[in-house]
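Please read the structure below before turning to the comments.
The values are calculated or read from the model by the stated rules, or taken from the named source; none is laboratory data. Predicted model only: the values in this text are computed from it and were never measured. Note: ideal-geometry Cβ built from the backbone for every residue, glycine included; neighbour counts use all protein chains shown. Heavy atoms of the whole protein, side chains included, go into the accessibility calculation; ligands, DNA and RNA do not. Shrake-Rupley method; radii C 1.70, N 1.55, O 1.52, S 1.80 Å.
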Amino acid sequence: MTAPHAPTLADDPDQPRPESLSDLFFSFTWLALQGFGGVLAVIQREMVERKRWLTQEQFLEDWAVAQIMPGPNVVNLSLMVGGRHFGLRGALAALAGMLTVPLLIVLVLGVLYTGLGNHPQMAGALRGMAAVSAGMIAATGIKLAAALARHPLPLWLTLPLVVLGVLAVAVLRLPLVYVLLVLGGLGCTLTYRKLSP
């Protein structure tokens, strides 16, 4: 007997999906262009709420995997979403959408910053953007926390893991890789035991 598993796209053929490789490319380009300072809030809203290519649970699972893989989280997520729908071609289309136009914009902004970086107005603008990014990340965290109620582990067990993770990274400033290995490993082990027959 196998352990129960979370629903996948194969389990729900009625779940919306990208229409084509160009749909993937332009969708991820649009996501990347909206994500100045932090794309997590944007990608959660677009993939889960607007396009519905992922359920909240699928997003959380994929985001967790994207976090532990090397490289930028959102790039890893784009590869997984593209690969899930169109295989290698989909992964490459989503990756190209995520990187091409933003790379060109960043190169132009880098050249401009070289000439304007010492101006006090520029420093103030960058501090303002950092505050907005922090707010977007906090808002997304609150939205995603609702999925804890549907987690196989009870809240009295998942909430301490969440609090310990925040304290370890934000307060104690421990390296993320160690926090993921210890707390993530503990969470995986407890969930596996709970789901095992």
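Things worth noting here:
- Residue check for Val65: surrounded by fewer than 20 Cβ atoms within 10 Å (Cβ to Cβ) and within 18 Å of the chain's Cα centre (by Cα): yes
- Set Leu95, Leu88, Leu24, Leu54: member being under 26 Å from Ala145 (Cβ atoms) and either out of contact with any Cys (no Cβ under 8 Å at 6 or more places or on another chain) or open to solvent by less than 50 Å² (accessible area, probe 1.4 Å) (or both): Leu54
- Figure legend. Inter-residue proximity from the range 54-68: first residues among the acidic types (Asp, Glu), second residues open to solvent by less than 60 Å² (accessible area, probe 1.4 Å), beta-carbon distance below 7 Å, spacing 6+ or different chains. Indicated pairs: Glu57/Ala6; Glu57/Ala147; Glu61/Ala6; Asp62/Leu54; Asp62/Leu77; Asp62/Met80.
- Filter result (among the small types (Gly, Ala, Ser), closer than 30 Å to Val177 by Cβ and either open to solvent by less than 30 Å² (accessible area, probe 1.4 Å) or part of a helix (DSSP H, G or I) (or both)) within the range 27-51: Ala32, Gly35, Gly38, Ala41
- Taking the conditions (1) of a type outside the set (Ser, Thr, Tyr); (2) open to solvent by 50 Å² or more (accessible area, probe 1.4 Å); (3) part of a helix (DSSP H, G or I); (4) at pLDDT 75 or above in turn, Pro152 satisfies each one other than (3).
- Figure legend. Inter-residue proximity from the range 126-139: first residues touching a residue at least 12 places away in the same chain (Cβ under 8 Å), second residues of a type in the set (Gly, Ala, Ser) and open to solvent by 50 Å² or more (accessible area, probe 1.4 Å), beta-carbon distance below 8 Å, spacing 6+ or different chains. Indicated pairs: Met129/Gly37; Ala130/Gly37; Val132/Gly37; Ser133/Gly37; Met136/Gly37.
- Test: residue in the range 132-142 that is within 19 Å of the chain's Cα centre (by Cα) and hydroxyl-bearing (Ser, Thr, Tyr): yes
- Residue match in the range 183-196 (condition: open to solvent by less than 70 Å² (accessible area, probe 1.4 Å), among the hydrophobic types (A, V, I, L, M, F, W, C), under 15 Å from Glu61 (Cα atoms) and touching a residue at least 40 places away in the same chain (Cβ under 8 Å)): no
- Conditions (1) surrounded by fewer than 17 Cβ atoms within 10 Å (Cβ to Cβ); (2) among the hydrophobic types (A, V, I, L, M, F, W, C); (3) free of Cβ contacts under 8 Å to residues at least 40 places away in the same chain: number failed by Leu79: (1)
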